[in-house]
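Working notes, beginning with the structure itself.
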Amino acid sequence: MPQGLSTTFSVGQERTADAQSAISGSADSGPIFEFSSESSVDGNANPQLGSTFSSLQITKEPGSVADYRDPMIPTSATFQPAARMLKISSREPKLKTRQLWEGTVIGVRNGGFAAVLRDRTNPSNPDEQGSFNFEDTEISADDLGLIHPGSTFYWIIGTEVTPAGQVKNVSMLQFRRVPAWTELRLQRNAESAHRLRESFQEEA
Amino acid sequence: MSDLIPEISGGALVLLGSFNPKIFQPEWFARQQLLPQAEADAAEIKILIPQVSHFETERFVIQVTTERFAVTSKASANPAPLRDLVQGTFFILEHTPVTAMGLNYLMHFAMGSEEKWHEIGDRLAPKEPWNQILEGRPGLLSMTILTQMNEPKGSQFRIKVEPSAQVQFGVYFETNEHYPAPENEPLRGLMGILGERWEDAQIYAARVVNHILSWARTDC
């Protein structure tokens with residue numbers, strides 16, 4: 001293994017000040033949301049594994065800020081519940097995505113809209129067109145205001161396993177939320193473009 | 001052999017840098033129209049102190065410290081919208097100093113039986129040398145493979161394999177595409193990579209995992 005990489009490797013390796021990584025929840029990647037080396041698995045689905053599983057798939061929840069190992073946090077404070085990277089609770093439904101499309105609205109009419117659909121599950125598939133009725137489509141009320149020509153959305157089809165073990169087919173639309181350009185930002189960009197143009201003219 | 005669909009999957013996006021956790025509250029995301037108001041209103045705030053912000057919405061878990069910004073999709077949600085949330089956030093907070101970004105995917109696969117479950121571990125980590133010296137039945141608890149990616153410079157791909165803590169006789173995979181920030185315009189550079197790679201990273205992760213699972217389940 002190349003020198004210098006081992007410090008960002010998996011749990012249990014020697015930690016150094018520069019041991020930073022962007023791996024999610026990696027125990028070697030950041031001090032604050034890292035659990036203690038004694039962290040244990042609760043409710044392990046594979047009991048043969050024992051009790052000292054070192055992954056953040058699900059771990060003991062620290063009970064005080066001291067568990068976050070951040071010297072900046074007052075150790076006397078307590079809170080409940082504490083953070084963990086992967087929130088996969090047996091009380092939550094679990095979505096199994098079987099098909100994902102990204103749609104672009106091409107027209108809005110009374111009672112619905114039409115869209116071009118790109119298959120994100122199998123990107124090599126050709127684009128398709130589809131029509132959606134507001135009455136028959138699972139769109140949150142907050143998203144209705146986002147529907148206009150050019151807006152984009154995800155159409156997710158899959159199965160959802162409820163906490164009780166029931167399996168439901170689900171189909172939902174989630175409109176993409178991208179921030180609008182503000183007057184200030186447009187103005188700043190215009191000024192930047194103006195300066196750039198002047199520098200080109202000076203060079204010429 | 002057809003591709004397996006994970007029983008549980010999710011995505012996580014991590015940025016390293018310097019952050020002000022106090023900013024990151026559900027209402028701020030709603031005000032910036034990055035989250036639906038109803039989702040922000042229903043958010044469950046876990047911690048909100050100057051050094052840490054941690055809350056959960058219907059679809060996301062958001063954890064921000066002074067050095068780390070992490071958003072994870074919940075098991076009940078598809079990770080695709082996570083990209084918009086992060087790009088939108090740092091489109092607004094355009095001067096945030098960042099040093100690295102990780103695109104992460106997490107998958108739990110059911111192997112169907114204890115025997116098949118053991119086969120995966122035995123294929124990935126043959127037990128012959130261990131059986132010669134250890135008592136009992138040695139098992140694979142965690143394996144991480146790291147490789148350097150060709151582009152951009154300094155980027156890495158790593159994949160972790162572990163027994164699933166969520167799925168009975170399941171295998172857990174976690175992939176990480178790690179990108180150090182470019183020297184020039186680090187935030188813009190990383191957001192560009194995010195825009196281009198988020199979906200492809202997921203497709204690549206699924207391809208790698210299915211390759212390993214197919215390999216491990218054949219010719220045993």
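List of remarks:
- The selection criterion, being surrounded by 10 or more Cβ atoms within 10 Å (Cβ to Cβ) and in the same structural domain as A:GLU138 (by TED's automatic domain parsing), holds for A:SER171.
- The selection criterion, being at pLDDT below 90 and touching a helix residue (DSSP H, G or I) at 6+ places or on another chain (Cβ under 6 Å), holds for A:ASP142.
- Subset of the stretch B:143-184 (residues that are part of a loop (DSSP other than H, G, I, E, B) and not polar (S, T, N, Q)): B:MET149, B:GLU151, B:PRO152, B:LYS153, B:GLY154, B:ALA165, B:VAL167, B:PHE169, B:ALA181, B:PRO182, B:GLU183
- Of everything in the stretch B:170-189 that is among the aromatic types (Phe, Trp, Tyr) and within 17 Å of B:ILE212 (Cβ to Cβ), the residue that is nearest to the other protein chains (Cβ to nearest Cβ) is B:TYR172.
- Counting the residues of the stretch B:82-99 that are assigned to a strand (DSSP E or B) and either within 17 Å of B:ILE8 (Cα to Cα) or more than 9 Å from every other protein chain (Cβ to nearest Cβ) (or both) gives 1.
- Whichever residue in the stretch B:100-142 is small (Gly, Ala, Ser) and not in a loop (DSSP other than H, G, I, E, B) and, among such residues, is nearest to the other protein chains (Cβ to nearest Cβ): B:GLY102
- Residue, surrounded by the fewest Cβ atoms within 10 Å (Cβ to Cβ), within the stretch B:1-48, restricted to residues that are at the interface with chain A (Cβ under 9 Å from one of its Cβ atoms), touching a residue at least 12 places away in the same chain (Cβ under 8 Å) and of a type in the set (Gly, Ala, Ser): B:SER9
- When residues of the stretch A:174-186 are limited to those that are more than 8 Å from every other protein chain (Cβ to nearest Cβ) and of a type outside the set (Lys, Arg), the one surrounded by the most Cβ atoms within 10 Å (Cβ to Cβ): A:PHE175
- Residues in the stretch A:168-193 that are at pLDDT 90 or above and not polar (S, T, N, Q) were compared, and the one that is farthest from A:THR137 (Cα to Cα) is A:ARG177.
- Any hit, the stretch B:68-81, residues being assigned to a helix (DSSP H, G or I) and either in contact with a Lys or Arg (Cβ under 9 Å, 6 or more places away or on another chain) or facing another protein chain (nearest Cβ under 10 Å) (or both): no
- Candidate set: the stretch A:90-145, residues that are β-branched (Val, Ile, Thr) and either away from every other protein chain (no Cβ under 14 Å) or over 30 Å from B:SER164 (Cβ atoms) (or both); chosen: the one nearest to the chain's Cα centre (by Cα): A:ILE139
- Qualifying residue in the stretch A:117-137 (condition: among the aliphatic types (A, V, I, L, M) and touching a residue at least 24 places away in the same chain (Cβ under 8 Å)): yes
Residues are listed down the side, and each one gets a yes or a no for (1) among the aliphatic types (A, V, I, L, M); (2) under 30 Å from B:TRP28 (Cα atoms):
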position: A:PHE132; (1), (2): no, no
position: A:GLY145; (1), (2): no, yes
position: A:PHE153; (1), (2): no, yes
position: A:VAL161; (1), (2): yes, no
position: A:ASN169; (1), (2): no, no
position: A:GLN187; (1), (2): no, yes
position: A:SER192; (1), (2): no, yes
position: A:LEU196; (1), (2): yes, no
position: A:ALA204; (1), (2): yes, no
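- The stretch B:153-196, subset surrounded by fewer than 18 Cβ atoms within 10 Å (Cβ to Cβ) and basic (Lys, Arg), residue nearest to B:ARG68 (Cα to Cα): B:ARG188
The values are calculated or read from the model by the stated rules, or taken from the named source; none is laboratory data. Everything numeric here is computed off the predicted structure, so don't read it as measured data. Using ideal geometry, Cβ is built from the backbone for each residue, glycine included, and neighbour counts are taken over all protein chains shown.
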